[in-house]
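Chemist: Have a look at the structure that comes next, please.
The values are calculated or read from the model by the stated rules, or taken from the named source; none is laboratory data. Owing to the predicted nature of the structure, the values given are computational and were not obtained by experimental measurement. So basically every Cβ, Gly included, is an ideal-geometry build from the backbone, and we count neighbours across all protein chains shown.
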Amino acid sequence: MANKVYIRTDGVEGFFGRAHETARKLDNKESIAAETVITFEDASAMWRCLTPQRTRLIKFVKKGKGTPIAHLAVQLKRPRRAVDRDVTLLESTGLVRTCFKTNPGHGRIKIVEPVAHKYQLTTTL
């Protein structure tokens, strides 16, 4: 698990700037922190992904070691289907991850886990 997820809106310029800095560190044999950077093209794209409900979901998932979707739906007081859709979108963006665990006598359950201990949002308008 990464220590931190950076969520930014610096687009292509920011991506290439970070790639250049990482390459410089590798050339100089410097250590690189375990982190993930997710870049949105602009602030409106970030806010379309990170709705208040999805942000609450991430905050709740961060508290545990792994939470079943059905439990998330109950805790967040939202329909299970809506939570499942949000988890699918957040997983495709890289903000959470899922795995399946055996539920004896009932098949498998989908578990949602955070990808980092800390999430940091930075946007520029």
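Chemist: Could you tell me whether residue 102 is at pLDDT 90 or above and polar (S, T, N, Q)?
Modeler: No; evaluated as a whole, the condition is false for this residue.
Chemist: Scan the stretch 109-120 for residues that are closer than 15 Å to residue 54 by Cβ and either surrounded by fewer than 16 Cβ atoms within 10 Å (Cβ to Cβ) or touching a His at 6+ places or on another chain (Cβ under 7 Å) (or both) and report the count.
Modeler: 0
Chemist: Quick one: is residue 121 out of contact with any Gly (no Cβ under 9 Å at 6 or more places or on another chain), in a strand (DSSP E or B) and under 25 Å from residue 46 (Cβ atoms)?
Modeler: Yes, satisfied.
Chemist: Do you know which of the residues in the stretch 74-108 that are small (Gly, Ala, Ser) and under 14 Å from residue 55 (Cα atoms) is surrounded by the most Cβ atoms within 10 Å (Cβ to Cβ)?
Modeler: For the stretch 74-108, the residue satisfying everything is 94.
Chemist: With the checklist (1) of a type in the set (S, T, N, Q); (2) modelled with pLDDT under 85; (3) touching a helix residue (DSSP H, G or I) at 6+ places or on another chain (Cβ under 6 Å) in hand, flag the one item residue 3 doesn't pass.
Modeler: (3)
Chemist: Would it be correct to say that residue 59 is surrounded by fewer than 15 Cβ atoms within 10 Å (Cβ to Cβ) and basic (Lys, Arg)?
Modeler: Here the answer is yes, as residue 59 does meet what is asked.
Chemist: So, one more: Does the stretch 31-40 hold any residues that are over 22 Å from residue 85 (Cα atoms) and either in contact with a Pro (Cβ under 7 Å, 6 or more places away or on another chain) or touching a residue at least 12 places away in the same chain (Cβ under 8 Å) (or both), and which are they?
Modeler: Listed by number, the residues that qualify are 33, 34, 35, 36, 37.
Chemist: From the list 59, 118, exactly one residue is touching a residue at least 60 places away in the same chain (Cβ under 8 Å), under 16 Å from residue 7 (Cβ atoms) and of a type in the set (Lys, Arg). Which is it?
Modeler: Answer to the selection: 118.
Chemist: Another question about this same structure. Looking at the structure I just gave you, is residue 48 basic (Lys, Arg) and under 16 Å from residue 123 (Cβ atoms)?
Modeler: Yes, satisfied.
Residues checked against (1) within 20 Å of residue 118 (Cβ to Cβ); (2) over 17 Å from the mean Cα position of the chain (by Cα):
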site: 22; (1), (2): yes, yes
site: 26; (1), (2): no, yes
site: 40; (1), (2): yes, no
site: 43; (1), (2): no, no
site: 50; (1), (2): yes, no
site: 56; (1), (2): yes, no
site: 60; (1), (2): yes, no
site: 63; (1), (2): yes, no
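Chemist: What's the number of the condition residue 54 fails, among (1) surrounded by fewer than 13 Cβ atoms within 10 Å (Cβ to Cβ); (2) assigned to a helix (DSSP H, G or I); (3) in contact with a helix residue (DSSP H, G or I) (Cβ under 6 Å, 6 or more places away or on another chain); (4) not β-branched (Val, Ile, Thr)?
Modeler: (1)
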